[in-house]
Amino acid sequence: AALATRAGATVIQATPTTWRMLIDAGWSGNAGLRVLSGGEAMSPTMARELLARAGEVWNVYGPTETTVWATAYRVRPESLEGERVPIGRPIAGVSCRIVDERGRLVPIGVPGELWIGGTGVGRGYRGRPELTAELFVDDAAAPHRRLYRTGDLVRRRRDGELDHLGRIDHQVKVRGHRIELGEVEAVLRSLPSVSDAVVAADGGVRLVGYVVPADPGSPPSPSDLRAALASQLPAYMIPSAYVWMEAFPLTSSRKVDRTALPRPEETAAATGTIAGVAARNETEALLVELWGRVLGVPDIGVHDNFFDVGGYSLLATRLFALVEQRTGRRVPVATLFRAPTIAELAATMHDDQQREAWTSLVPIRTDGSTRPFFYVSPYLISVLQLVHLGAAIRDDRALYGLQPQGLDGRRPAHQSIEEMAAHYIAELKTVQPHGPYEIGGHCAGAWVAFEMVRQLEANGDAVGRLILVDQGPPGVAPEPVHPLRYAMRRFRSYRRDGRLGHAVRWKLKLALERVGLRRLGREMARIEAQVREVHRLAFRSYRGGSIRQDIEFVCSAESIERGFPSWFARWADRTSGSFVVRDVGGTHANLLEVPWVHGLAAAMREVFREDAPRASRASSSAVDERV
């Protein structure tokens with residue numbers, strides 16, 4: 001800093017890490033200085049700080065193999081609206097191609113690997129012909145020239161500028177989800193409370209955020225960071241542990257040394273999750289053991305949130321089966337929404353009065369200033385499947401799940417859909433005494449939601465919206481589909497969309513976990529089977545009626561491929577209002593799983609935004625055409 005000032009420097013080139021060190025050392029810059037920053041991602045926060053200290057700021061990019069910068073971007077204040085600073089356009093003598101895994105050009109806006117050509121491309125690696133042949137490839141358009149495969153993930157914007165999204169080899173798989181670490185880092189760096197950030201995967205079970213706070217004396221809390229990230233990222237991309245750092249360890253080339261980052265349990269910094277408070281009694285110690293066994297995460301703290309450290313519905317069911325096996329106590333799985341930490345769950349298990357409390361209405365997400373949304377659980381089993389929907393819906397709206405009576409093994413299951421709907425209405429009125437009511441139902445839950453609206457209308461209560469998901473009307477059977485023809489159609493669809501491997505892994509995982517659950521929780525499985533049998537008989541006898549309320553219908557891609565739209569369209573005969581269909585991806589069984597749940601949540605947000613009532617009623621043929 002002193003040398004730059006004393007020499008009257010007009011151009012300085014450095015990595016963002018070095019610029020951060022200069023700024024922290026009190027360097028004030030000068031209006032005649034041209035700043036070049038490269039070698040690492042530049043955050044919007046860093047760009048603003050440099051603009052305040054220099055006349056020009058350029059974000060430059062280029063690997064050593066292309067000698068050396070390949071693109072450049074003049075940073076201006078008005079260009080810092082997003083979460084990342086572009087790397088610009090190719091400089092003179094350089095060409096940039098963004099290609100898929102087969103080397104084919106990708107469209108504008110689609111991420112791909114960056115291949116660089118031009119006069120700067122090097123000859124190769126000295127003494128390493130195999131690596132040279134792998135990364136320096138012939139240009140199909142000009143055979144006498146070569147391209148360098150950078151391994152960087154890049155996207156071309158509509159204005160022609162390039163966005164650097166991270167490294168292809170920084171793609172990680174965490175709990176079955178493929179994640180680009182650069183995407184998460186870019187959003188973290190865009191937060192006002194964050195000066196710099198690095199994200200790493202820890203053992204394939206969690207993401208860890210390493211954060212340099214903008215104000216070291218008052219770092220943001222982990223809950224604040226999670227809340228800020230939740231508005232921009234899906235739940236599976238939000239780090240579950242955080243480590244506050246004064247500076248990141250560096251390599252000899254002044255870049256972040258990811259291999260030297262400390263594990264959360266090795267630092268005294270407040271991670272907010274994993275390195276938390278140890279068990280304080282026998283019940284907490286047992287839960288720590290069982291959580292670690294189910295989640296595969298070591299060193300669980302008693303204040304760690306089950307969902308933040310990788311928990312999901314099937315793992316929760318397995319956890320409570322283990323609890324019943326070890327303690328003899330049956331605790332409703334939905335208790336996790338009220339007591340998601342070990343400390344809270346242990347307190348609930350000690351409290352006999354709490355243990356007896358069981359309701360069909362379960363709060364999934366309680367924040368929000370608009371009318372709450374009441375959602376009947378699919379398959380009429382535990383509402384725990386709604387946890388991802390609560391995180392993905394991203395609307396200023398509370399979400400309550402409705403689950404059937406009888407799952408606690410103490411109260412009898414309802415014998416009819418009408419009884420179940422009346423019970424659910426009484427439950428939701430404890431939260432919202434007066435309408436209009438926002439109601440939805442999924443699979444079998446769609447029939448119960450429909451009956452709830454029918455009863456509310458009969459009682460003179462107002463209904464705001466009714467959202468039905470992937471289920472045809474009662475009393476009407478879908479047209480039969482030949483199993484082999486359907487299987488071939490699904491296979492071609494999965495292979496065309498690149499979903500085949502993912503679908504097979506997901507189905508296998510589901511089957512294995514359900515087998516494990518039945519071995520662990522035989523009593524739970526017995527009670528669930530009893531409830532299912534009562535419900536099966538109730539559904540066979542239900543014929544429903546008609547309503548005045550508009551119906552918003554959401555169907556999965558699988559249902560379209562099975563030829564169900566004509567079956568779904570018969571809902572139009574059950575309402576004097578309108579009937580509108582929205583199709584999303586996924587299958588009937590995985591609509592509430594990540595990543596497919598985000599399509600369902602987007603469709604619901606669209607419904608909530610449409611306040612004006614629809615004037616016309618859609619016909620069956622119109623619905624078929626829309627789907």
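The values are calculated or read from the model by the stated rules, or taken from the named source; none is laboratory data. The model shown is predicted, which means the values in this text are computed figures rather than measured ones. Glycine also receives a Cβ, built like all others from the backbone with ideal geometry; neighbour counts cover every protein chain displayed. Remember, those area values only see protein heavy atoms, side chains included, never the ligands or the DNA or RNA. Shrake-Rupley method; radii C 1.70, N 1.55, O 1.52, S 1.80 Å.
The H on the amide N of ARG145, modeled in the peptide plane, is under 5 Å from the matching H of ASP139, each at least 5 residues off or on a different chain. The listed residues ARG157, ARG338, once ranked by accessible area (1.4 Å probe) with the largest placed first, stand as ARG338, ARG157. The order of the peptides 543-553, 88-98 by mean Cβ neighbours within 10 Å, most packed first, is 543-553, 88-98. The charge dipole of segment 90-180, taken about its Cα centre with unit charges on the Cβ atoms of Lys, Arg (+1), Asp and Glu (-1) only, comes to about 80 debye. Comparing Cα centroids, segment 384-444 and segment 13-69 end up 54 angstrom apart.
Backbone amide hydrogens, once placed in the peptide plane, bring ASP152 within less than 5 Å of LEU114, ILE168, excluding anything fewer than 5 places away on its chain.
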